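Here the structure comes first, spelled out in structure tokens, and everything after it is commentary.
The values are calculated or read from the model by the stated rules, or taken from the named source; none is laboratory data. Owing to the predicted nature of the structure, the values given are computational and were not obtained by experimental measurement. A quick note on method: Cβ atoms are made from the backbone with ideal geometry, for glycine too, and the neighbour counts reach across all protein chains shown.
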Ligand SMILES: Nc1ncnc2c1ncn2[C@@H]1O[C@H](COP(=O)(O)OP(=O)(O)O)[C@@H](O)[C@H]1O
Ligand SMILES: [Mg+2]
């Protein structure tokens with residue numbers, strides 16, 4: 001799995017390096033507003049549905065607006081289309097219908113305005129921590145001295161000072177994911193896209209990582225879209241939780257989280273408000289819809 005993820009990360013960076021898709025980052029100063037309108041994405045199904053000429057809709061009419069600097073979590077059952085949505089946000093795949101605008105500009109492919117942290121670690125195993133963190137900067141053509149200063153800054157931000165020359169296999173899972181976060185932040189994207197980034201680390205490390213990403217968000221002011229299937233994680237991190245319905249995936253309800261900021265998991269976990277919010281999201285997720293809706297005629301798409 002690690003190899004495939006590293007390949008995916010390399011693919012994203014390589015596309016970014018291409019002249020057609022690279023957009024100047026931070027051009028507007030106050031950036032990172034995301035508008036997702038009427039997004040649908042289908043795949044060719046297998047079996048009888050394929051014979052009938054139908055398409056399988058992983059997402060259908062997905063709508064969401066995300067403010068600059070907002071921390072939004074997207075929660076939904078396995079297979080509801082969360083990673084499909086992330087791939088569209090990254091620009092790795094194209095929607096059948098609808099569009100995604102970032103600061104008013106349509107997403108046409110991967111670019112430096114978005115940083116990506118995938119499930120698992122997706123690091124380049126042949127590169128040290130520092131050279132992983134500097135990878136995007138190398139592609140961007142950032143001069144060596146500036147690159148070094150930036151990697152120093154972000155390695156410090158994720159608390160990995162002293163590990164600059166280690167290779168990924170010499171680090172724990174949590175440390176590897178912190179390298180991935182530093183790599184994504186190093187080229188200063190407006191938006192950080194995270195797909196179940198802490199799913200592969202143990203429970204205790206996961207809580208530490210949640211606190212760390214909250215602290216990083218407070219310091220950097222990035223817009224964060226964080227996909228998870230953990231209800232607690234979704235609530236503890238977010239300004240708003242978008243709860244997805246499944247088959248086809250769409251936003252069912254958006255729950256506003258008014259827990260105080262700055263927020264740390266230990267401060268909120270045992271509060272009545274946190275319990276109420278997690279129960280609400282849990283109830284929304286129980287409300288199942290018939291799976292048959294996912295298969296629809298492909299005509300007109
Ligand atoms: N490339 C693909 N080809 C066919 N079906 C796919 C493809 N990618 C995802 N799907 C299907 O779309 C649905 C949503 O998948 P995914 O976005 O990975 O869900 P999640 O990340 O929420 O677990 C699943 O039923 C999955 O099998
Ligand atoms: Mg997924």
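Brief remarks follow.
- Selection status of residue 111, part of a loop (DSSP other than H, G, I, E, B), away from ligand 2 (no atom under 16 Å from the Cβ) and either under 23 Å from residue 8 (Cα atoms) or touching a residue at least 12 places away in the same chain (Cβ under 8 Å) (or both): yes
Each row is one residue, and each column tells you yes or no for (1) in a strand (DSSP E or B); (2) more than 11 Å from residue 249 (Cα to Cα); (3) at pLDDT 95 or above.
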{"residue": "57", "(1), (2), (3)": "yes, no, no"}
{"residue": "64", "(1), (2), (3)": "yes, yes, yes"}
{"residue": "69", "(1), (2), (3)": "no, yes, yes"}
{"residue": "72", "(1), (2), (3)": "yes, yes, yes"}
{"residue": "100", "(1), (2), (3)": "yes, yes, yes"}
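- Checking the stated criteria, residue 215 turns out not to satisfy the condition of being touching a strand residue (DSSP E or B) at 6+ places or on another chain (Cβ under 7 Å), within 28 Å of residue 83 (Cβ to Cβ) and assigned to a helix (DSSP H, G or I).
- Output for region 74-96, where each listed residue is in a loop (DSSP other than H, G, I, E, B) and within 14 Å of ligand 2 (Cβ to nearest atom): 76, 77, 78, 79, 80, 81, 92, 93
- Subset of region 255-286 (residues that are surrounded by 15 or more Cβ atoms within 10 Å (Cβ to Cβ) and not in a loop (DSSP other than H, G, I, E, B)): 255, 265, 268, 274, 277, 278, 280, 281, 284, 285
- Of all residues in region 38-66, those that are touching a residue at least 40 places away in the same chain (Cβ under 8 Å) have Cβ atoms under 6 Å from Cβ atoms of residues that are buried (at least 18 other Cβ atoms within 10 Å of the Cβ) and assigned to a helix (DSSP H, G or I), 6 or more apart or on another chain, in 41/84; 56/294; 57/294; 58/84; 59/84.
- Hey, residue 161 in a loop (DSSP other than H, G, I, E, B) and either in contact with a helix residue (DSSP H, G or I) (Cβ under 7 Å, 6 or more places away or on another chain) or at pLDDT below 95 (or both) or not: yes
- Out of 127, 131, one residue alone is within 30 Å of residue 170 (Cα to Cα), more than 16 Å from ligand 2 (Cβ to nearest atom) and in a helix (DSSP H, G or I). It is 131.
- Restricting region 27-55 to residues that are near ligand 1 (Cβ under 10 Å from one of its atoms) and in a loop (DSSP other than H, G, I, E, B), the residue that is modelled with the highest pLDDT is 44.
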